[in-house]
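In what follows, a structure is listed as C-alpha cells, so that the remarks can point back to it.
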Amino acid sequence: MTKRDRTPKTYTRLTRPLVRDSRDEPFRETSWEDALERTARGLRRHRGAFGMFSCARATNEMNYVAQKFARVVMGTNNVDSCNRTCHAPSVAGLSAAFGSGGGTSSYEEIEHTDVIVMWGSNARFAHPIFFQHVLKGVRNGARMYAVDPRRTSTAEWADGWLGLNVGTDIPMAHAIGREIIHAGLANEAFVERATSDFEAYRALVEPWTLSLAEKVTGVPAAAIRELAHAYARAERAQLCWTLGITEHHNGTDNVRALINLSLLTGHVGRYGSGLQPLRGQNNVQGGGDMGAIPNRLPGFQDILDPAARLKFESAWDTVIQPHYGLNLTEMFEAMEEGSLKAVYCIGENPAQSEADSEQAVRRLRSLDFLVVQDIFLTRTAELADVVLPATAGWAETDGTTTNSERRVQRVRRAVTPPGEAREDIDILCDLATRLGHGWKYADAEAVWNELRSVSPDHYGMTYDRLERHQGIQWPCPSTEGLEPAHLHGRLWERDPERRGRRAPFGLVRHDPPVDLTDEEYPIRLTTGRRLDSYNTGVQSGSFASPLRRGEFVELCPEDAEHYGVVVGEEVRVSSRRGSVVAPVWIDTALRPGLAFMTMHFPDEVDTNQLTIEANCPIAGTAEFKASAIRIEKLPAPAYVR
Amino acid sequence: MTAIPLGVPRRLVEFTIDGQEARVPEGSTVLDGCRAAGKDVPTLCQGDTLTPKNACRVCVVEVEGSRTLVPACSRRAEPGMEVRTDTERARHSRKIVLELLASSVDLSTTPMVAEWIKEYDAKPDRFGPAAARLNEEPKIDNDLYVRDYDKCILCYKCVDACGDQWQNTFAISVAGRGFDARIAVEHDAPLTDSACVYCGNCIEVCPTGALSFKSEYDRRAAGNWDESAQKQTTTVCAYCGVGCNLTLHVQDNEIVKVTSPHDNPVTHGNLCIKGRFGYQHVQNRG
C-alpha cells in the first residue's frame, strides 16, 4: 500500500489582479487599471466571438448585470452558467410541461404529504436541511420511496428502495405509468382537463410491462407495482429528484418521464402535491431566473418573443439578438471550432467541473483571450490571461439568491474582502464603462430594483419585504399580497380560460447510457456528492472535517473480492477516455458491477478524466452519472531500501 | 382535490399573569404569555425549536388551584388561569434549583445565569467545596467540537436535537441511570467513532456551553473571545440550493461562529456540516 498525501489542497484568496503577456509566462501582479484595460482590449477584439460564464453561486444582482453585460455590451446571448452541468434538464423539462422552470412546491409542503418519492437524489447527504423537512413528513406518516442505484443514506429512511440499473429511469417511469393506467388509478378528470397527448403517452408506455421493466431496470416487478400504486392512490404526493435524473445524456427526457407521472395522477398544482428538483448551487435557480442563460431574458421571458425583446431593448437602450445564444456546452464546442475566441468566466471552475476534463482544458487553452474573475486561483484561472480578484458572494456582498423552492432571500455582507478584491458588479460596471456603456449602480438594491421593473414575477419583492417575510417565493407580481407557495394551481381551475395552456405529456423513449459496459470496461461508474464536501472542493477543502477521507473508488464487497483488492489499496481505474489511480473503499450500498466516485478531490484524483462528455441534446448536460470503467490491481510495489 | 389546510382558527385564551390581563393564542404556553407580557422568567432546558422536556425546573410559576409549582415552559395557558410568577414560593424554588445546579456544574459560560443567581439570592457555595462535580477534562477528539461535561446540566436538548426532533442521527444519548446518568456519545465513544455527522445542531441548542465549537473554545482559552465585539449578520449559505440562512458571528473581520435564525422557514435553526463549518475558505487571506 502506498502512502498518499491526504491533506486537501487549500486555496489562498486572490488579493491583486494578475496578468501575463503570453501563456508560457508566469502571472504577475498588477494594478486594476492595467488589468481592466487589458480585459477591455481583449473583449473588444472579439465582439461577435464572445462567451460569458456567469456564476450560479453569486447573487441574483450579479447574474443580472453579467447577462446584461453579455447582451448589451458584447451584443450576444452567449451567456450561461454551471446550471448546465446539473439542473438545466429540470428547467428545460419543467418549462416544456408547465411553461416555467422552477420546482412546483415548497419545503414545508413535504411535511404534510402522504407519499414522498426521492428519485436519483441522496438528499440526506447533498441537501441535509431539505431532508429534515422530508423526515418531518415521514414522522407525520408519509411513506417514502427511494429510487437510486445505490442504497444511499436517503434510502435507509425509505419504506421501499428501488435499486435500478444506472440509466434505466425512463423504463422505470414508463412501467409505473402503465401500471397506473392499467390499474384504473389515473386521475382521468385531471388528465382530460389539464393535459394533452395522453393517448400518445398511453401507447408509448404500453410495451413497458412490469416484467419487461424488471428485466431492464433490475428492480423486482412487485416493488415497481407497489410504488405505482402508492403514488397514484395517495391524496398528496411529492416527487423529488436531483442529479441522478439530470446528469445523463438524455437528462431532459428523464425529467419529462417523471413529470408524466405527476400529470397522470394529478400530483401537481395542489398543496402537498408537486415536483421538487433539488438544486445543487445556492443560486442556480436565480441565475436562470435573472436571464444568465442563452435562451431567456430576466424573469423567464423568451428571447424569441418580440414583445419581450422590445421591452428590454427600450429598457436597456440596445438591440437584442433575436435568436438563442450558445449554452455552456455549445460554447466549449465553439472553442474547438474556433468560432468562440474570448471568454469571461466568473466564479466557475470548468477546467475541473466539466466532464472529460482534459478536453475542457484543451479547449480553454485554445481561446485567444480568457479572463477569470474568482476568489481563488482555480485550475481554470491558471489558464487565463487576466485574473481579477473578486469577493465571496455569500459573505462579502449584498444582494439576493433564490433557492430550490423559488424563495428569494437576502444575502448580506458580513466580512470585508481581502486586499484589493472588488465586488463582481463593480468590476462588470467598470468594464462596461471602458467599453462605452457608463453603467452606475449605487448598490445591489439599485440593480434589484431595475430587475423588478423588467420582471413581473419579481416586481413585488422589495428588499424591505424580503427582509420582513424572511424571503418571498416567486411569482410575486404585487407589492401588496403574496401568491400561494405552490405553482400551477391554474391547472385545477374549472374555467378553461383561467386553466391556460394544457400540460403536455412528454413522449420520451428509453435510451441507455452512451458509454456501454463490455468485456473491456465491465463496471458501471456513477458519481455523486458526500456530506461534508462540495463540488470540486475549492471551498470545502479548507475546513477540518472529521468526516473527510479523500477520494476513493468505492466498490461492493463482491467486486472487491473478485479483484482481490482491500480497503486503501490503490488500483488503476480506466475508462475509454482516461485513467487514474485511486484507493479502494468498500461500500455495501453498492452492488456487483457498480462503482462510485465523487468529484470533490480533483487535485488528488481527477474523476472527470473518466466521465464522458455525452450531452443531453436539449439541455446540454453531460452524462456524469454513467461511465464504463475497468479496475486493475497494481503490481506489488518494489520497495527500495 | 385537497384544499390548503389553514388549520382551525386559533382562539385567544384570556388569563392573568401577576394580576394583569394576558391574551395568547390557544395552544400557547404560560411561558409564551409571560414573555409577551415582558415578565422575566428564567429558562435553561427550554428550547424554542424543541418539545419541552421539563428537566431543569427553573421556570416554575405558581398557578392558582395547583398543588405543585408549574413549569411555565410546558404548561398550556387555559382560560381564567391565574398565574403568579414572582411569589415567595416560586422564587424560593428557583433559588434552590440555581444553587443545586451552580454547585455541581460549571455555569461560567451559561448566558444570564450570573444575573439570576444575584436576582434570586442563590448561594451555591453553601454546600461547600466538596459538592459533587464531575471534574473532567474537556473532551477534544476532533477539530470542530469540544464536549465539556463539567458544564452539562442534563437538559436533554442535545439528545432531542440529534434524535427524532430534528437531525435523526441519534449519535447522542443518555448513558447510565439515576445519579450516574450522563449525556454520552454512543455509550462514551469518541465523537469520531460515532454516528455524528458534525451538523452542530446540538451545539446550537446547548444552554450552558457544555457543547461548543472548537473555534469558540480555543478563543476563550486564549482570552480572545469577545461577544460584545462580535457582529451578527444573516446571509444565505453557498453550499447547495436549499438556501439555509446563516448568521455569521464576526469578530475582527473573522467569522468565529455560524448559527441560523430559529424562526427561519428553511432551517428552523438547523444547519449541516458545510453550512456550519465550511466558511474557512473565505478567510484564507494569505
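The values are calculated or read from the model by the stated rules, or taken from the named source; none is laboratory data. The structure presented is a predicted model; accordingly, all values stated were derived computationally and were not measured. Cβ placement follows ideal geometry from the backbone for every residue including glycine, while neighbour counts extend to all protein chains displayed.
Things worth noting here:
- Checked against the criterion of being in contact with a His (Cβ under 9 Å, 6 or more places away or on another chain), touching a residue at least 12 places away in the same chain (Cβ under 8 Å) and surrounded by fewer than 20 Cβ atoms within 10 Å (Cβ to Cβ), the candidates A:T10, A:T30, A:T15 yield just one match: A:T10.
- Put simply, of A:D356, A:D398 the only residue that is in the same structural domain as A:G291 (by TED's automatic domain parsing), modelled with pLDDT under 95, crowded, with 19+ Cβ neighbours inside 10 Å and closer than 30 Å to A:Q276 by Cα is A:D356.
- Any chance B:T267 is without any contact (Cβ under 8 Å) to a residue 24 or more places away in the chain, within 26 Å of A:P546 (Cβ to Cβ), polar (S, T, N, Q) and buried (at least 24 other Cβ atoms within 10 Å of the Cβ): yes
- Criterion violated by A:G347 - all others in (1) touching an Asp or Glu at 6+ places or on another chain (Cβ under 6 Å); (2) surrounded by fewer than 24 Cβ atoms within 10 Å (Cβ to Cβ) satisfied: (2)
- Any hit, the range A:384-403, residues being farther than 30 Å from A:S105 by Cβ, more than 14 Å from every other protein chain (Cβ to nearest Cβ) and under 17 Å from the mean Cα position of the chain (by Cα): no
- Sole residue being assigned to a helix (DSSP H, G or I) and either over 30 Å from A:V219 (Cβ atoms) or assigned by TED's automatic domain parsing to the domain that holds A:S121 (or both), chosen from A:G541, A:G568, A:G550: A:G541
- Scoring A:D518 on the criteria (1) exposed (fewer than 15 other Cβ atoms within 10 Å of the Cβ); (2) within 30 Å of A:M599 (Cα to Cα); (3) within 11 Å of another protein chain (Cβ to nearest Cβ) leaves a single failure, condition (3).
- Looking only at the range A:424-471, and only at residues there that are within 14 Å of chain B (Cβ to nearest Cβ) and over 19 Å from A:E37 (Cβ atoms), the one that is surrounded by the fewest Cβ atoms within 10 Å (Cβ to Cβ): A:R468
Every residue, every condition in (1) out of contact with any Phe, Trp or Tyr (no Cβ under 7 Å at 6 or more places or on another chain); (2) within 14 Å of another protein chain (Cβ to nearest Cβ); (3) hydrophobic (A, V, I, L, M, F, W, C); (4) not in a strand (DSSP E or B), yes or no:
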position	(1), (2), (3), (4)
A:I224	yes, no, yes, yes
A:H229	yes, no, no, yes
A:L239	no, no, yes, no
A:H248	yes, no, no, yes
A:N254	yes, no, no, yes
A:G299	yes, no, no, yes
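- Residue, farthest from A:C240 (Cα to Cα), within the range A:404-413, restricted to residues that are more than 7 Å from every other protein chain (Cβ to nearest Cβ) and within 17 Å of the chain's Cα centre (by Cα): A:R406
- Test: residue in the range A:608-615 that is modelled with pLDDT under 85, within 20 Å of A:V571 (Cα to Cα) and buried (at least 24 other Cβ atoms within 10 Å of the Cβ): yes
- A single entry from B:V83, B:V60, B:V105 fulfils the requirement of being over 29 Å from B:Y217 (Cβ atoms), surrounded by 18 or more Cβ atoms within 10 Å (Cβ to Cβ), in contact with a Cys (Cβ under 8 Å, 6 or more places away or on another chain) and of a type outside the set (K, R): B:V83.
- Candidates A:G280, A:G286, A:G291, A:G274 - the one that is part of a loop (DSSP other than H, G, I, E, B), within 14 Å of chain B (Cβ to nearest Cβ) and in contact (Cβ under 8 Å) with a residue 24 or more places away in the chain: A:G280
- Any hit, the range A:209-228, residues being surrounded by 23 or more Cβ atoms within 10 Å (Cβ to Cβ), modelled with pLDDT of 95 or more and farther than 25 Å from A:L525 by Cα: yes
- Residue match in the range A:168-181 (condition: under 17 Å from A:T246 (Cβ atoms) and surrounded by fewer than 24 Cβ atoms within 10 Å (Cβ to Cβ)): yes
- For the residues A:N250, A:N260, A:N254, the requirement of being in the same structural domain as A:T104 (by TED's automatic domain parsing), of a type outside the set (V, I, T), buried (at least 24 other Cβ atoms within 10 Å of the Cβ) and in contact with a Cys (Cβ under 7 Å, 6 or more places away or on another chain) singles out A:N250.
- Which listed residue, of A:L507, A:L487, A:L525, A:L531, is surrounded by 14 or more Cβ atoms within 10 Å (Cβ to Cβ) and at pLDDT 95 or above: A:L507
- Scope the range B:63-80; condition over 30 Å from B:E204 (Cα atoms) and crowded, with 18+ Cβ neighbours inside 10 Å; matching residues: B:V63
- Filter pass, A:L547 being within 14 Å of chain B (Cβ to nearest Cβ), among the hydrophobic types (A, V, I, L, M, F, W, C) and surrounded by 14 or more Cβ atoms within 10 Å (Cβ to Cβ): yes
- Figure legend. Inter-residue proximity from the range A:238-262: first residues more than 14 Å from A:R84 (Cα to Cα), second residues assigned to a loop (DSSP other than H, G, I, E, B) and among the β-branched types (V, I, T), beta-carbon distance below 7 Å, spacing 6+ or different chains. Indicated pairs: A:Q238/A:T113; A:D253/A:V508; A:R256/A:V508; A:A257/A:V508; A:S262/A:V268.
- Where A:T536 falls short, out of the listed (1) surrounded by 18 or more Cβ atoms within 10 Å (Cβ to Cβ); (2) on the phi > 0 side of the Ramachandran plot: (2)
- Residue check: A:A175 meets all listed conditions (1) part of a helix (DSSP H, G or I); (2) in contact with a Ser or Thr (Cβ under 9 Å, 6 or more places away or on another chain); (3) farther than 17 Å from A:Y145 by Cα but one, namely (3).
- The number of residues in the range B:144-175 that are over 22 Å from B:S104 (Cα atoms) and part of a loop (DSSP other than H, G, I, E, B) comes to 10.
- Positions within the range B:169-216 being within 11 Å of chain A (Cβ to nearest Cβ), without any contact (Cβ under 8 Å) to a residue 60 or more places away in the chain and not β-branched (V, I, T), in sequence order: B:P190, B:L191, B:D193, B:S194, B:A195, B:C196, B:S215
- Summed over the range A:572-586, residues that are more than 26 Å from the chain's Cα centre (by Cα), in contact (Cβ under 8 Å) with a residue 60 or more places away in the chain and either within 29 Å of B:K274 (Cβ to Cβ) or part of a loop (DSSP other than H, G, I, E, B) (or both) total 1.
- Unique residue being under 22 Å from A:Q352 (Cα atoms) and of a type outside the set (V, I, T) when the list is A:R549, A:R509: A:R549
- Only residues that are part of a loop (DSSP other than H, G, I, E, B), charged (D, E, K, R) and under 25 Å from A:A544 (Cα atoms) were counted in the range B:176-212, giving 2.
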